[in-house]
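Please read the structure below before turning to the comments.
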């Protein structure tokens, strides 16, 4: 039995062994509740404080600007629903390619008197300037545009979008879950440009599942999603998940440390991957735009994505046919639809997302397997090279 | 809650704990605070004929900082005249014991205890 | 050799049982898949583990696994249950009943509902901490849509009459939510019998990890909720967000151990608690807070009159205990739970909560008794209140100079 090759790092990442080592004590002898005043509790509190510093340092924020949550979904919900609670219903504008945990809360607001505007994207997956200006002209209250898309990896120019939103009087938020750890994120600079809050997740950067954060300008007023006890400055109650928070902090430290190296390594690997894909006649989505260095989203003519990823899995390569969270949904990706990709091609979409631990052999092996699989699916005898 | 070394020292080894006999010459008592608030301080001073505080004793129901504050003032008032004792300010107590902001009320209570004891003394000696 | 400080604060949180930690680790290492990934074995493996854990949680409380929704903990479960149900059923009424001694997760959520225009009755409890059923019945209104009562109180450990309250609620068609964070592994919970519609669980109070909990949502008769966290539609739309597989696996294992061992364990812990109580009972002016009979065997909450709680904690720093609940102990307010029992503020300020658990020993309890006896004596020597009482002064007649 050979170990399958994991090429789905945008869904979740394996934990960095160093992160696990930091977490272990907090799953055994260091078990205190951080609200307790005895030594067990105080030790937990110190560990959380340290992790808060590490997270803050990784994104150029101050530790008091970090609100720990159970993950990225909660942080996005906290911003959309929590900020909306402070305003009279108005317009909430989100890009058409947002993750469901931004889109669904925005839709929920729309059921309670708000108006939802979906900001359109162009064929390469970038927010359309004209559409953005038109939406801003309507004076939205809240605007959320993701820093990097989870399916295509396409980056949005948040630093230019935010000042325009601020001029229009809107509170701007960016979901940086996918961007974090893959490209530099500087909250201080973004905040100066008009970004009030951004969302992070631990398990996308070699940390554990179960921890995330909303990094926020303290002038931003938020109604908590979860009340009871007043943890996290009253913005998020509930006993802190010390082990996961410690892991998140450690993951941030290591992610920041290796950012430059991974960025180059991954884009080299991705380059090789995409060369191979193009030679097979693949269509690469969003490749004309600036993208995360690790993500390739492609479609092969007359090949169904679901079927293909199933075959690839059996052959030992773990990739995705859509966003992990919505992959139970047989509908073609809403991201590709927003980009105007025709449904036939969209149904063929396969996402490869590289990460720490992937190497040349993985990529070459993947390409070879893909060629064989496609040949098989086309009903031809595989050509053995 | 992390306590300063000095608070811990006074808490572990409180100075001048106890009470004077009620009828003893020159003894005055100041009792401040309330059980409902979580602090009650009893400060007693023994004043000599020359108006100098010869001795002081305390009992305190309260947190470690309250105990330390009252223990400290028993040391500080000794050898002072009653008027000099009144010059002791809560800020000096708080500074000496490095009290955190949430414990400042303990030092205020200690200052109040001095005032109450001196007032009691003056009341007894002007009659 | 005793390891100090001795942990006697199992209601604040419990250590992760080593068996639980062992089961969790592989899901942090090689089995790291996202349970929502449907396209590869990493995802399926994680999903299978999540479903196995769901069965374990359901088995402890005799529920159907389909009735278990994962959350980040009991606080989130309480928020989801109360806000989710009240918002869903708001067309049927606007009145909610809860109890003054509930956890903040319930009370703060109810306060939020009040700000939104709902009306909340906060029931008084009797001196023993238990709800009086007649008082409860009298509080019911035609527009009552939800009742929320905790199974076991976190500070005093008393067990509320959940079965009786459930019967009344079901008869009147009112949704009944129970916060069982402190109950799992300590009292038998049979959701096949109890007429409870929603029940909150926490892993870290039952030797599982922090950051994971669950909400039981009854299917027959079906209870509906408005989701509080929206997104990828995880947990059948009740709660979105990537499932933390390792934590879920930990909760499942913790609940399995609880089911298999609670009968024996509770006897042992009860004997330790009784030993502690016996060791303190001949000290003057020591009061047990809350009913001793309708109470989990793990809890002993005592007021040492005329000794202030925080100085007591300092004196017994070799014991990790709490005064008031862990969530509120950063404030100087006396415990609102003890106040609700009608304890005066002085006794509320003087209370210490001992909660025993799986890893306590007789030797530890004996050490605790010895230390407590010594320190109470010392602090009472320091206490002007104790002195006055010894002199025969009735403290209630004293005019205190409020500050």
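The values are calculated or read from the model by the stated rules, or taken from the named source; none is laboratory data. Please read all numbers here as calculations on a predicted model, not as lab measurements. Because the Cβ atoms are built from the backbone with ideal geometry, glycine has one as well, and the counts that use them run over all protein chains shown.
Structure notes:
- Filter result for the condition that a residue is within 25 Å of residue A:230 (Cα to Cα), outside any loop (DSSP other than H, G, I, E, B) and more than 10 Å from chain A (Cβ to nearest Cβ), over C:50, C:57, C:96: C:96
- Matching option when the condition is under 25 Å from residue C:197 (Cβ atoms), more than 14 Å from chain A (Cβ to nearest Cβ), in contact with a helix residue (DSSP H, G or I) (Cβ under 8 Å, 6 or more places away or on another chain) and part of a helix (DSSP H, G or I), among C:259, C:224, C:275: C:259
- Which listed residue, of B:75, B:23, is out of contact with any helix residue (DSSP H, G or I) (no Cβ under 8 Å at 6 or more places or on another chain), surrounded by fewer than 23 Cβ atoms within 10 Å (Cβ to Cβ) and without any contact (Cβ under 8 Å) to a residue 12 or more places away in the chain: B:23
- Evaluation of residue A:106 against (1) more than 23 Å from residue A:255 (Cα to Cα); (2) more than 13 Å from chain C (Cβ to nearest Cβ) (one fails), failing number: (2)
- Here the strands (runs of 3 or more DSSP E) wholly within the stretch A:1-120 that include at least 1 residues being more than 20 Å from residue A:213 (Cβ to Cβ), touching a residue at least 40 places away in the same chain (Cβ under 8 Å) and touching a strand residue (DSSP E or B) at 6+ places or on another chain (Cβ under 6 Å) are A:91-95.
- Test: residue in the stretch C:8-20 that is at the interface with chain A (Cβ under 10 Å from one of its Cβ atoms) and assigned to a strand (DSSP E or B): yes
- Here residue C:139 does not fit the description of being buried (at least 21 other Cβ atoms within 10 Å of the Cβ), in contact (Cβ under 8 Å) with a residue 40 or more places away in the chain and more than 10 Å from every other protein chain (Cβ to nearest Cβ).
- Selection within the stretch C:245-260 - touching a residue at least 60 places away in the same chain (Cβ under 8 Å) and under 18 Å from residue C:59 (Cβ atoms): C:248, C:249, C:250, C:251, C:252, C:253, C:254, C:255, C:256, C:257, C:258, C:259
- Only a single item in (1) more than 10 Å from chain C (Cβ to nearest Cβ); (2) at pLDDT below 95; (3) farther than 18 Å from residue B:123 by Cβ is not met by residue B:51, and it is number (3).
- Being over 30 Å from residue C:49 (Cα atoms), modelled with pLDDT of 95 or more and either in contact with a strand residue (DSSP E or B) (Cβ under 8 Å, 6 or more places away or on another chain) or not in a helix (DSSP H, G or I) (or both) holds for only one residue in C:270, C:290, and it is C:290.
- Sole residue being surrounded by 24 or more Cβ atoms within 10 Å (Cβ to Cβ), under 13 Å from residue A:67 (Cβ atoms) and in the same structural domain as residue A:41 (by TED's automatic domain parsing), chosen from A:222, A:214: A:214
- Output for the stretch C:370-399, where each listed residue is part of a loop (DSSP other than H, G, I, E, B), within 13 Å of chain B (Cβ to nearest Cβ) and either more than 16 Å from residue C:316 (Cβ to Cβ) or without any contact (Cβ under 8 Å) to a residue 24 or more places away in the chain (or both): C:391, C:393, C:394, C:398, C:399
- When the stretch C:336-346 is filtered for residues that are modelled with pLDDT of 85 or more and touching a helix residue (DSSP H, G or I) at 6+ places or on another chain (Cβ under 7 Å), the ones remaining, listed by number, are C:338, C:339.
- Of the helices (runs of 4 or more DSSP H) lying entirely inside the stretch B:1-95, those containing at least 2 residues that are within 16 Å of residue B:105 (Cα to Cα) are B:64-77.
- Looking only at the stretch A:23-44, and only at residues there that are crowded, with 21+ Cβ neighbours inside 10 Å and closer than 30 Å to residue C:44 by Cβ, the one that is nearest to the chain's Cα centre (by Cα): A:23
- Selection status of residue A:70, touching a helix residue (DSSP H, G or I) at 6+ places or on another chain (Cβ under 9 Å) and within 12 Å of another protein chain (Cβ to nearest Cβ): yes
- Any hit, the stretch C:163-177, residues being under 15 Å from the mean Cα position of the chain (by Cα) and in a loop (DSSP other than H, G, I, E, B): no
- Selection of the stretch C:306-328 for residues being part of a loop (DSSP other than H, G, I, E, B), more than 8 Å from chain A (Cβ to nearest Cβ) and either more than 16 Å from residue C:368 (Cβ to Cβ) or modelled with pLDDT of 90 or more (or both) yields C:306, C:307, C:308, C:316, C:318, C:324, C:325.
- Test for residue A:82: is it more than 7 Å from chain C (Cβ to nearest Cβ) and either surrounded by fewer than 21 Cβ atoms within 10 Å (Cβ to Cβ) or at pLDDT below 95 (or both): no
- Restricting the stretch A:221-242 to residues that are more than 9 Å from chain C (Cβ to nearest Cβ), in contact (Cβ under 8 Å) with a residue 60 or more places away in the chain and not in a loop (DSSP other than H, G, I, E, B), the residue that is nearest to residue C:80 (Cα to Cα): A:232
- Only a single criterion out of (1) more than 14 Å from chain C (Cβ to nearest Cβ); (2) closer than 30 Å to residue A:270 by Cβ is not satisfied by residue A:199, namely (1).
- Qualifying residue in the stretch C:70-86 (condition: over 30 Å from residue C:369 (Cβ atoms) and in a strand (DSSP E or B)): yes
- Check on residue C:34, assigned to a loop (DSSP other than H, G, I, E, B) and out of contact with any helix residue (DSSP H, G or I) (no Cβ under 9 Å at 6 or more places or on another chain): no
- Selection within the stretch C:78-93: residues that are more than 8 Å from chain A (Cβ to nearest Cβ) and in contact with a helix residue (DSSP H, G or I) (Cβ under 8 Å, 6 or more places away or on another chain). The member of this set that is surrounded by the most Cβ atoms within 10 Å (Cβ to Cβ) is C:82.
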